[in-house]
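Here is the structure we will look at, set down as structure tokens.
Derivation of every value follows stated rules applied to the coordinates shown; laboratory data play no part. In this text, all values refer to a predicted model and were calculated from it rather than measured experimentally. So basically every Cβ, Gly included, is an ideal-geometry build from the backbone, and we count neighbours across all protein chains shown.
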Amino acid sequence: MKKIAFFTLLFAGLFIAERTQAQKSASFRQQKPEETAFMNMLHQQLFDALPHTYKNWATAKEDLNFDATKYWCRDPGSWSICNGFILKTIGINDAWTMDWQVDFTMPDEEMGPLVSGVVSSIKDFTNAPQVAAAIKSAAKSKLSIFIVANLYITGTNSSTALTYCSKTPPVPLSIPVPTTLALKGLRSAECPIMDGGSVSLHGNYYDDAIVFLGKPVVAKKTENTSDGLNTTRYEIAFDRTKIGRLAVQNVVITFKGDSADIDEAIKLINWQKLSDLIAK
């Protein structure tokens, strides 16, 4: 019994010491109630605006128990020492940013025949256009949608990227609310993805799309990458003078999937809800 009491006291002492250390950390401070309420609201709005089912496809597991007081405690084991804390730089040098992502995958019983059909359709593995066209036709089994509010990144090197075949320029998207950028980048068999001297059988031929709400594009940089692909990086504006306000300045949505699936996903998003988030 004495040993149990000793270890209990030891554990309690370590717990208190760890919590005290966290509270005194130079990087964190206690969240304010209005911050917690804002982040909880923002997460819920982003979550509600996105689709969570698509066709009969499988959906990656989503955490439905979001709590802003644990936002900086991604590991449940650390909740006891960081619950209710927030980075000190938030509201000063960093924005109250919130993001969410949904991923959909075609069922195995459909994906299997799709892939095997592609492989059997290739008659000449040295024929780059033929191989590229076959692999491109199979790049339609996944769909990802990523959304972020209050994106504050300066410099085009780390800004939102759109990659597309140089022979198929980006296509404008029709969005039912005002946007400052709405483009879809298409990958094509006209830009075969190579691996050494031969066409890669694992090349990424999924299409991309970007939508900006609230703030304009302030910088743009295009790079010619290998295999005839272009990557254009877009930087969205953020008013640094208003960083201390609990308000949404911009919303960025990106898509990755087959062009047709991206078009269908756009129809499933509650664009008005996202547009209404933007501070007027």
- Express in nm, to one decimal, how much length is gained between residue 48 and residue 66 on full extension, taking 0.36 nm for each residue of separation and deducting their alpha carbon distance. 5.2 nm
- Query: How would you order 128-134, 90-96 from highest to lowest mean count of nearby Cβ atoms within 10 Å?
  - Reply: 128-134, 90-96
- Task: Quote the charge dipole size of region 76-159 about the Cα centre in Debye, to the nearest 20; the model charges only the Cβ of Lys and Arg (+1) and of Asp and Glu (-1).
- Result: 200 debye
- Out of region 26-109, which GluC sites (Glu not before Pro) are coil in DSSP terms and have no more than 14 other C-beta atoms within 10 Å? 62
- Query: Taking only DSSP H segments of four or more residues, each worth -39500 (n - 2.57), what value at 222 nm results for the chain once the sum is divided by all its residues, to the nearest 500 deg cm²/dmol?
  - Reply: -9500 deg cm²/dmol
- Task: Tell me the label-point distance for the pair residue 142, residue 202, using the 7 Å Cα-to-Cβ offset, in nm and rounded to one decimal.
- Result: 1.2 nm
- Item | Cα centre as origin, Lys/Arg/Asp/Glu Cβ charges: region 27-132 dipole, Debye | 320 debye
- Could you size up the charge dipole of region 121-246 around its Cα centre, putting +1 on the beta carbon of Lys and Arg and -1 on that of Asp and Glu, and report it in debye to the nearest 20? 460 debye
